[in-house]
1. Using a basic spin-label model with each label point 7 Å from the Cα along Cα→Cβ, how many nm lie between E46 and Y105?
2. For the chain, give the share of DSSP beta bridges that are antiparallel, in percent and rounded to the nearest 5; count only bridges with both residues there.
3. Tell me the per residue accessible area of the chain using a 1.4 Å probe; a whole number in Å² is fine.
4. Give a residue-ordered list of calculated ³J(HN,Hα) values for the range 73-88 (Karplus: 6.51 cos²θ - 1.76 cosθ + 1.60, θ = phi - 60°; whole Hz; x for Gly, Pro).
5. Would you list the P(r) distribution for the chain, with all Cα-Cα distances sorted into 10 Å bins from 0 and each bin expressed as a whole %?
6. Which percent of the accessible heavy-atom area of the range 23-91 goes to carbon and sulfur, probe 1.4 angstrom?
7. FRET efficiency for Q118 and S71, Cβ-Cβ distance as r, R0 = 22 Å, nearest 0.05?
8. Using +1 on the beta carbon of Lys and Arg, -1 on that of Asp and Glu, and nothing else charged, what's the dipole of the chain about the Cα centre, debye to 20?
Amino acid sequence: QVQLVESGGGLVQAGGSLRLSCAASGRTFSNYAMGWFRQAPGKEREFVAAINWSGSTTYYADSVKGRFTVSRDNAKNTVYLQMNSLKPEDTAVYYCARLRGGSYYQKSNYAYWGQGTQVTVSS
């Protein structure tokens, strides 16, 4: 069974930065693309960023492009989300997930999810 554990969330002022981590169990981490999603209260879970198995290709939602960076360390079974220039509208629970196949942007294509980490950006 795959387990994903996010960490690094917290409270930050607008304009600040946070780095989220997602540690994965299992020996097959490097075989799979990984994604980050977020869900604000009363809203649908939305795509934030994704990275292919090797780290050579990344994908971003328009709302975070140029501010967020996704990366991975396959030796550590960990994927990261560096978030800079944070805005109050970035406030949400952030989830990492492992892609099963298909489009990186569709949450239904992800098979395993972490429990989420709260990010709160104050104005």
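1. The modelled label-to-label distance comes out at 1.3 nm.
2. Among the beta bridges of the chain, antiparallel pairing accounts for roughly 90 percent.
3. 51 Å²
4. Those phi angles translate into 10, 5, 5, 9, 6, 9, 10, 10, 9, 8, 10, 10, 6, 5, 10, x Hz.
5. In whole percents, the pair-distance histogram is 15, 51, 30, 5, 0.
6. Carbon with sulfur: 46 percent of the solvent-accessible area.
7. Taking R0 as 22 Å, the efficiency between Q118 and S71 is 0.55.
8. Details: 13 positive and 7 negative charges, 46 e Å.
Roughly 220 debye for the chain.
The values are calculated or read from the model by the stated rules, or taken from the named source; none is laboratory data. These numbers were taken from a predicted model, which means no experiment stands behind them. Counting neighbours? That spans all protein chains shown, and the Cβs are built from the backbone with ideal geometry, glycine included. Remember, those area values only see protein heavy atoms, side chains included, never the ligands or the DNA or RNA. Shrake-Rupley method; radii C 1.70, N 1.55, O 1.52, S 1.80 Å.
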